[in-house]
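Take a look at the structure set out below.
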Amino acid sequence: MEMTPIATIRTPFPTKFGIPRQAGVVPDTVGKIVFLPAYRNPDALRGLDGFSHLWLLWEFSEAKREGWSPTVRPPRLGGNKRVGVFASRSPFHPNRLGLSCVKLISIDNDDPEGPVLKVSGIDMLDGTPVFDVKPYIPVADCIPDALEGYTAQTRTHLLEAHFENGLEELIPKDKLDALTGVLENDPRPGYENDPQKEYGLSFAGFDVGFRVDGNRLSVFRITKIIP
């Protein structure tokens, strides 16, 4: 079976560093699903506006590698504990497929590239190829008593994000909550814990510099990225 993209998603993440590790973890991250010309047909979305959430099937397009490994090291486990690749959501599965549940904000049929889907809670790189869009159906997709496995020990890992010298005023108000959420979810590799190390995160056209000491993340630099 050959799979070809039907769309791409536009997001505020031009690089992999800083992307939320799961969809929905940072609800304020917003993206747009732009269909390729062959699929820009409003009839294909008829009835979709009755659903609040969508499943997206997409490609880890920047995770191409030769071969595959039966085990991976999840970053939330410190990067030094291995689990089976099929017990993870690592980008390095044999077929590099991603699956995300996102919230549908709107369907814009008047956009020049429409119909365009505006969604939130995204966890994808800007320009990620999308293979399919399906509605989230609560009666079938929600399993309240599902077990969390090893992820139960990592889901409450959050930092306190602080902006030095009023730097938050440089970020547009409609993007500040999303950036704060990304930082609070600790974008660093799980094995790094050096309070002196400086990190740079690209988000929505800005370069964001920060340090982490214990549970406190301090943003010390925000500059506009000049294309």
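Go through (1) touching a Gly at 6+ places or on another chain (Cβ under 9 Å); (2) within 27 Å of residue 208 (Cα to Cα); (3) of a type in the set (A, V, I, L, M) one by one and return the number of the condition residue 72 breaks.
Among (1) touching a Gly at 6+ places or on another chain (Cβ under 9 Å); (2) within 27 Å of residue 208 (Cα to Cα); (3) of a type in the set (A, V, I, L, M), residue 72 violates only (2).
Of all residues in the stretch 150-188, count the ones that are among the aromatic types (Phe, Trp, Tyr), part of a helix (DSSP H, G or I) and in contact with a strand residue (DSSP E or B) (Cβ under 6 Å, 6 or more places away or on another chain). Steps first, answer last, please.
In the first step, residues of the stretch 150-188 are kept if they are among the aromatic types (Phe, Trp, Tyr); the result is 150, 163.
If we keep only those that are part of a helix (DSSP H, G or I) as well, we get 150.
If we keep only those that are in contact with a strand residue (DSSP E or B) (Cβ under 6 Å, 6 or more places away or on another chain) too, we end up with none.
The total comes to 0.
So that you can scan it fast, the table gives a plain yes or no per residue for (1) in contact (Cβ under 8 Å) with a residue 40 or more places away in the chain; (2) closer than 16 Å to residue 131 by Cβ:
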{"position": "22", "(1), (2)": "yes, no"}
{"position": "58", "(1), (2)": "yes, yes"}
{"position": "63", "(1), (2)": "no, yes"}
{"position": "69", "(1), (2)": "no, no"}
{"position": "80", "(1), (2)": "yes, no"}
{"position": "83", "(1), (2)": "yes, no"}
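Test residue 89 against the stated conditions and say whether it is under 30 Å from residue 150 (Cβ atoms) and among the basic types (Lys, Arg).
On the way: under 30 Å from residue 150 (Cβ atoms): yes; among the basic types (Lys, Arg): yes.
Criteria met by residue 89.
Can you name every residue in the stretch 73-91 that is part of a loop (DSSP other than H, G, I, E, B) and open to solvent by 80 Å² or more (accessible area, probe 1.4 Å)?
Within the stretch 73-91, 73, 80, 81, 82, 89 qualify.
Can you run down the residue pairs with Cβ atoms below 9 Å, 6 or more apart or on separate chains, where the first is in the stretch 183-195 and touching a residue at least 12 places away in the same chain (Cβ under 8 Å) and the partner is open to solvent by 50 Å² or more (accessible area, probe 1.4 Å) and aliphatic (A, V, I, L, M)?
184/158; 185/25; 185/158; 186/158
The values are calculated or read from the model by the stated rules, or taken from the named source; none is laboratory data. Model, not experiment: these values are computed from the prediction. Quick reminder, even Gly has a Cβ in these numbers, built from the backbone with ideal geometry, and neighbours come from all protein chains shown. Note: accessible area is taken over every heavy atom of the protein model, side chains too, but ligands, DNA and RNA are not part of it. Shrake-Rupley method; radii C 1.70, N 1.55, O 1.52, S 1.80 Å.
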